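The values are calculated or read from the model by the stated rules, or taken from the named source; none is laboratory data. Keep in mind it's a predicted model, so treat the numbers as computed, not measured. Note that we place each Cβ from the backbone using ideal geometry, even for glycine, and neighbour counts take in every protein chain shown.
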Amino acid sequence: MPARSIRIGAGAGFSGDRIDPAVELAEHGRLGYLVFECLAERTIALAQLARQRDPEAGYDRLLAARLQAVLPACRRQGIRIITNMGAANPLAAARRVAEVARGLGLGGLRIAALLGDDLTDALRGTETPLDEGGTVAGLGNRLVSANAYLGAGPVAEALAGGAEVVVTGRVADPAMFLAPMIHEFGWSMEDWTRLGRGTVVGHLLECAGQVTGGYFADPGFKHVPDLARLGFPLAEVTEEGDALLTKVPGSGGRVTPATCKEQLLYEVHDPARYLQPDVAADFTGVRLEAAGEDAVRITGGGGRARTGMLKVSVGCHEGWFGEGQISYAGPGALARGELARAIVRERLQRIGLEAEELRLDLIGLDAILGPGPTRPEPREVRLRVIGRCASALAAERIGHEVDSLYLNGPASGGGVTTAVREVIGMRSCLVPAAMARPALHWLEA
Amino acid sequence: MLLRDLAHARAGDKGDTSSIGVIAYRAEDYARLERLLTPERVRAHFAGIVHGEVRRYALPGIGALNFVLEGALGGGVTRSLALDAHGKCLASAMLEIELPEEG
């Protein structure tokens, strides 16, 4: 008999996420599955660079810490873990998981690494058009990485094969949550309605605390109790693909239709066509109803046939950022900040800095929303100068010109910081799904 | 009437495109949002920040409007020089919109 419902928890919504809430979920969430989504668009390109330097690197730096924290409770209760912390090196990540398990005395742990999302070599030099214009070939040797967003199929296959931990690279975020539903309920990979509903649930869970009151509080308008102890979400999903979204009782935060609505629309363009590798999900009929304290019932999602194309994230070298900042405070802060801005602009011109783009903002005045009302005058402002240059050497000049304001600029500037960092820009393209060849590799601790 | 008194919002990013979900606190205010919070009004509010098209998708079932703002993120999150490269703050800036009173 297939299960009637399963409980899936979200243990992380980004690579730097808190670890405690995942432990709380593992210990008290009565989960079947715990999913860690830790792979931002650009993270995988950075991971590729790390792997080029060290063949055993290129996976999430918190992998061991997260697994160390949750594996004992997961093993005890039979909770299976799915994570994209493999980043650019799922196989090395799986080996690391095995090491952690052995260190905890959890021998025999079955780990599956999912490979096949890396299309860097397959796409290099091809005329595949980029969504932003140009082609992959046009990037030449600036190309760093090309990773396809894989679907839920191979993850479900890993679960069917008995994996207790599935470590992937690039997989569509909702698909990591959809996989256990496909596995447990035996959904057909052409059951568009159920795949669509499962995608709705996965999308609501994929940013973890963003649906339990994280990124929601706005004092006086939107109250979130005990935000400091924010708990992460879990969903109890039925065979039909409906779900009850909630969190561990006693944890901080809140789950209401409002928190779910913000997350439902997060990073969505056309809500009738949320394109995923497995399905074109339809969010327009979704209903979100309060079902008790910190519980929301999710129904009404839908879906249509997948497009047959996979989105590919393409990373490329785009030069170097150079940055410098300095603060001015007290009476006349704004005037001194403006003077500093004019001085740095002139000095960068005089030295003939070659920047592809340059920006001089006053934080506290116009750094985020551009020019606006200047009354009342801010009590403190911070000059921020940043540019993108072809070389690290050129980029360094920007911080240098801000630093030198100490002895060569307006009165009482303080708190200079400077930075130079490599720019890895992300583009995207579409490829036929058949181009990616997902493959599972098995390990045992 | 400030939009902030009627609705809450969250911004997301994809490349150079920002998407902002605007959600009515009370179901009965949704129709008013749909009438008054037009793509044109949003585009005018973000003049100087949003350089491309503004599209709007309606989700009456949950009392929400989803706005897609192209050319809003300084050429794309990963290469933007902006302090808030993701445009996260645009959601709060959206709530500054003043809606006209209706007779």
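If you filter the stretch A:391-435 down to residues that are in contact with a His (Cβ under 9 Å, 6 or more places away or on another chain) and not β-branched (V, I, T), you find that the one that is farthest from A:L143 (Cα to Cα) is A:E422.
Residues in the stretch A:256-266 that are touching a helix residue (DSSP H, G or I) at 6+ places or on another chain (Cβ under 9 Å) and either free of Cβ contacts under 8 Å to residues at least 40 places away in the same chain or of a type in the set (S, T, N, Q) (or both) were compared, and the one that is nearest to A:F221 (Cα to Cα) is A:T259.
Taking the stretch A:351-374 as the range and being at the interface with chain B (Cβ under 8 Å from one of its Cβ atoms) and closer than 14 Å to A:R336 by Cα as the test, the residues that pass are A:D361, A:I363. Within the stretch A:401-411, can one find any residue that is more than 14 Å from every other protein chain (Cβ to nearest Cβ) and of a type in the set (S, T, N, Q)? Taking every residue of the stretch A:401-411 in turn, at least one turns out to be more than 14 Å from every other protein chain (Cβ to nearest Cβ) and of a type in the set (S, T, N, Q).
Contact map, the stretch A:317-338: residues that are assigned by TED's automatic domain parsing to the domain that holds A:P410 paired with residues that are among the acidic types (D, E) and buried (at least 22 other Cβ atoms within 10 Å of the Cβ), Cβ distance under 7 Å, separation 6+ or inter-chain. Pairs shown: A:G324/A:E401. Among the residues of the stretch A:336-355, those identified as surrounded by fewer than 14 Cβ atoms within 10 Å (Cβ to Cβ) and not in a helix (DSSP H, G or I) are A:I351, A:G352, A:E354. Any chance the stretch A:256-266 includes a residue that's assigned to a loop (DSSP other than H, G, I, E, B), over 24 Å from the mean Cα position of the chain (by Cα) and surrounded by fewer than 24 Cβ atoms within 10 Å (Cβ to Cβ)? Looking through the stretch A:256-266, none of the residues is assigned to a loop (DSSP other than H, G, I, E, B), over 24 Å from the mean Cα position of the chain (by Cα) and surrounded by fewer than 24 Cβ atoms within 10 Å (Cβ to Cβ). A:G198 meets the stated requirement of being in a helix (DSSP H, G or I), at negative phi and surrounded by 22 or more Cβ atoms within 10 Å (Cβ to Cβ). Inspection of the stretch B:48-56 identifies at least one residue that is among the aliphatic types (A, V, I, L, M), more than 8 Å from chain A (Cβ to nearest Cβ) and either surrounded by 18 or more Cβ atoms within 10 Å (Cβ to Cβ) or over 19 Å from A:D218 (Cβ atoms) (or both).
Return yes or no: is B:G61 of a type outside the set (K, R), under 19 Å from A:D131 (Cα atoms) and at the interface with chain A (Cβ under 10 Å from one of its Cβ atoms)? So B:G61 fails the test. Here B:F67 clears all of (1) surrounded by 15 or more Cβ atoms within 10 Å (Cβ to Cβ); (2) at the interface with chain A (Cβ under 9 Å from one of its Cβ atoms); (3) within 17 Å of A:A272 (Cβ to Cβ) except the condition numbered (2).
The condition (being touching a helix residue (DSSP H, G or I) at 6+ places or on another chain (Cβ under 7 Å), over 24 Å from A:E318 (Cβ atoms) and surrounded by fewer than 22 Cβ atoms within 10 Å (Cβ to Cβ)) is satisfied by just one residue among B:I62, B:I97, B:I20: B:I97.
Taken over the stretch B:26-47, residues that are closer than 29 Å to A:G209 by Cβ and surrounded by 15 or more Cβ atoms within 10 Å (Cβ to Cβ) amount to 6. Within the bounds of the stretch B:1-10, is there any residue that is buried (at least 16 other Cβ atoms within 10 Å of the Cβ), more than 8 Å from every other protein chain (Cβ to nearest Cβ) and farther than 20 Å from A:G220 by Cα? Scanning the stretch B:1-10 turns up no residue that is buried (at least 16 other Cβ atoms within 10 Å of the Cβ), more than 8 Å from every other protein chain (Cβ to nearest Cβ) and farther than 20 Å from A:G220 by Cα. Screening B:G75 on (1) facing another protein chain (nearest Cβ under 9 Å); (2) more than 14 Å from the chain's Cα centre (by Cα); (3) free of Cβ contacts under 8 Å to residues at least 24 places away in the same chain shows it passes everything except condition (3). Is it the case that A:S327 is closer than 30 Å to A:A390 by Cα, over 20 Å from the mean Cα position of the chain (by Cα) and either of a type in the set (S, T, N, Q) or within 13 Å of chain B (Cβ to nearest Cβ) (or both)? So A:S327 passes the test.
If the condition is being within 17 Å of A:G202 (Cα to Cα) and surrounded by fewer than 24 Cβ atoms within 10 Å (Cβ to Cβ), then the stretch A:14-30 contributes only A:F14.
Determine which member of the set A:A158, A:A235 is within 20 Å of A:G292 (Cβ to Cβ), buried (at least 20 other Cβ atoms within 10 Å of the Cβ) and either more than 24 Å from the chain's Cα centre (by Cα) or among the small types (G, A, S) (or both). None of the other options fit; the residue is A:A235. Of everything listed in (1) more than 26 Å from B:S18 (Cα to Cα); (2) facing chain B (nearest Cβ under 10 Å); (3) of a type in the set (A, V, I, L, M, F, W, C), the single unmet condition for A:V237 is (2). Sub-8 Å Cβ pairs linking a first residue in the stretch A:152-178 that is free of Cβ contacts under 8 Å to residues at least 40 places away in the same chain to a second residue that is in a strand (DSSP E or B) and not hydrophobic (A, V, I, L, M, F, W, C), at least 6 apart or interchain, number zero. Scanning the stretch A:334-388 for residues that are more than 36 Å from the chain's Cα centre (by Cα), at pLDDT 95 or above and of a type outside the set (K, R) gives A:L334, A:A335, A:E338, A:L339, A:A340, A:A342, A:I343, A:E346, A:Q349, A:I351, A:G352.
Of all residues in the stretch A:66-84, those that are within 16 Å of A:G108 (Cα to Cα) have Cβ atoms under 9 Å from Cβ atoms of residues that are hydroxyl-bearing (S, T, Y), 6 or more apart or on another chain, in A:L67/A:T83; A:I79/A:Y33; A:R80/A:Y33; A:I81/A:Y33. crowded, with 20+ Cβ neighbours inside 10 Å and in the same structural domain as A:T43 (by TED's automatic domain parsing): which single residue out of A:G86, A:G107, A:G103, A:G78 fits that description? Every option except A:G86 fails the conditions. In the stretch A:375-390 there is at least one residue that is closer than 30 Å to A:V136 by Cα and away from chain B (no Cβ under 12 Å). For the stretch A:51-73, the criterion of being at pLDDT below 95 and within 14 Å of chain B (Cβ to nearest Cβ) is met by no residue.
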